[in-house]
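Notes follow the structure.
The values are calculated or read from the model by the stated rules, or taken from the named source; none is laboratory data. Computed from a predicted structure; not experimentally measured. Every residue, glycine as well, gets a Cβ built from its backbone with ideal geometry; the counts of neighbours run over all protein chains shown. Each accessible area value is taken on the protein alone, full model and side chains, heavy atoms only, with ligands, DNA and RNA left out. Shrake-Rupley method; radii C 1.70, N 1.55, O 1.52, S 1.80 Å.
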Amino acid sequence: MVCIRKRFFNLNRLLLHAFGLWSDEQTIFARFRATMLCSLLISSIVFQLSRLFILEYSFDLIVRIVSSTTFFAMFTVAPFSLEINMKTIKYLLDQLQYIYDQLKDRNEIAIYDKYGYSGKHFTTIIIILLVCALCGDFVIVYWPYILDIVVPKNESHTSPMIQFLSEYFHVSEKYQFLVLVHFNTAMTAGSIVFVGTTTMLFSYFLHICGMFEIASYRIEQAMAIELLHNCHIKNRIMIYRKMICAIDMQRQAMEILKYIVTVIDETAFILVITSVVCMSCYLFRVFRIESPMERLEEVLVYLLDVSALLTIMFLGSYVGQEIIDHSNHVYVITYNVSWYLAPLHIQKLILFLLQRRTKSCTLSVGGLITASFECFATLVKVSMSYFTFMYSVQ
């Protein structure tokens, strides 16, 4: 028996297991690791918010704190959501494994494998990008200290991150390195868990798309011309069985999607709000820099953060659009088959399937946002509107 955990989700396990957030590991030590991660992320947010009570208030200071805390808040939401919904994640993996085990047709297995491997390949690409980003971050943060060891001189090398902490958070020189390590460790751990969580959800949704594709394939096979032209009792029974299997696969896909949306609804809504606010604040910070070429490193950091936020928004909208397209494809196939050649009872069964078209199959967040390309354009437009408003009232 093929284990989809090992075949399609082994990379997600690699990312989440180290932090005690993999669903198959429910030990005390795993919970301790997860608690330590959550404490690390929360402490970084608390430290940043504490600056509001220490430093003198200004609009620029509030934007700085909000942009930084919302970025860290996005990383903090993922481990909390995983910790709370650990049993749900295990249940979903078991459901996907059960559906895979029920497939007997070679073409259906190939369809399921295609979408499973697409999710795995996507995860691989994101992990490679993450490793490159973390290596670059390590070089930017720690290269002055490495130079002090390799090429020592009378005065220490200047670190842009230390200057950033000193200017934006007014950290005393005594604690600057500790705060820097704390921030960098929290961001590294949070980004790893965030990537592991989001890529796993992305793979779930691709599996659901594969289930809709299998349903479409079963409808095509059930309404094949050769069966309809020789519609004696044996072929009629075969058509009935294939149509029932197609409807059952569609039903399972819709139920799993509805279950996932119910579980992640609040978390996804928080991520949408924080990403919009964070991107608006980062754009504001970029345009507030008076001499971009003199502070090129800071500008690059902001632009990279904006690019990461745009990528997250686009991928969420993309997978939502894919679900809409694949669910609609089932009805397109049903419309296009030679239903008029089928007996009256089978035509009524097809009519029952078409009536389900009234139930929209979408990835909805908070009952207000439906993931699609149109949604992506709306989120970008809203972010730009907030940025314009902040820039006008500064």
Among the listed pairs Lys120/Lys381; Lys90/Lys120; Lys258/Lys381, give every one whose C-alpha distance is greater than 20 Å.
Lys120/Lys381; Lys258/Lys381
Cut-off 15 Å, label 7 Å out along Cα→Cβ of Phe314, residues of the stretch 97-131 by amide N
126, 129
For the chain, what does the accessible surface come to per residue with a 1.4 Å probe? Please give it in Å².
52 Å²
If I compute solvent accessible area with a 1.4 Å probe over the protein chains, what percent of it on the stretch 4-393 is carbon and sulfur?
65 percent
Relative packing of peptides 270-279, 305-314 - highest average C-beta neighbours within 10 Å first:
270-279, 305-314
Amide proton proximity set for Val365, modelled H, under 5 Å, gap of 5+
Thr370, Ala371
Spin-label model distance (nm) - Phe373 vs Lys348, 7 Å beyond Cα toward Cβ
4.1 nm
Note down the net charge around Asn85, summing +1 for each Lys or Arg and -1 for each Asp or Glu among other residues with Cβ under 12 Å from its Cβ.
-1
Multiplying the sequence separation of Leu61 and Arg288 by 0.36 nm and subtracting their Cα-Cα distance, what value in nm do you get?
80.5 nm
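Calculate for the chain the 222 nm mean residue ellipticity that helices alone would give, adding -39,500 (n - 2.57) per DSSP H run of length 4 or more and normalising by residue count, nearest 500 deg cm²/dmol.
Helices in the chain give a 222 nm mean residue ellipticity of -28500 deg cm²/dmol.
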Length-normalised contact order of the chain in % [C-alpha pairs under 8 Å, at least 6 apart]:
21 percent
Note to self: Kirkwood Rh of the stretch 15-97, Cα pairs, one decimal, Å, is 14.5 Å
If you wrap the chain's Cα atoms in a convex hull and average its projection over all directions, what's the area in nm²?
24.0 nm²
Förster radius 25 Å - calculated FRET efficiency between Tyr335 and Lys114 (Cβ-Cβ, nearest 0.05)
0.55
For Phe53 and His170 in one chain, what is 0.36 nm times their gap in residues minus the Cα-Cα distance, to one decimal in nm?
40.9 nm
Sticking with the crude label model, points 7 Å out along Cα→Cβ, report the distance from Tyr91 to Leu304 in nm, one decimal please.
4.0 nm
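Figure the gain on full extension for Thr124 and Thr35 (residue separation times 0.36 nm, minus the Cα-Cα span) and round it to one decimal in nm.
Residue separation times 0.36 nm, minus the Cα-Cα distance, leaves 29.3 nm.
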I need the helices of the chain that pass two filters: whole DSSP H segments spanning 15 Å or more by Cα along the axis, and mean Kyte-Doolittle score no lower than 0.5.
28-54, 59-84, 106-150, 176-222, 233-288, 296-336, 344-355, 373-393
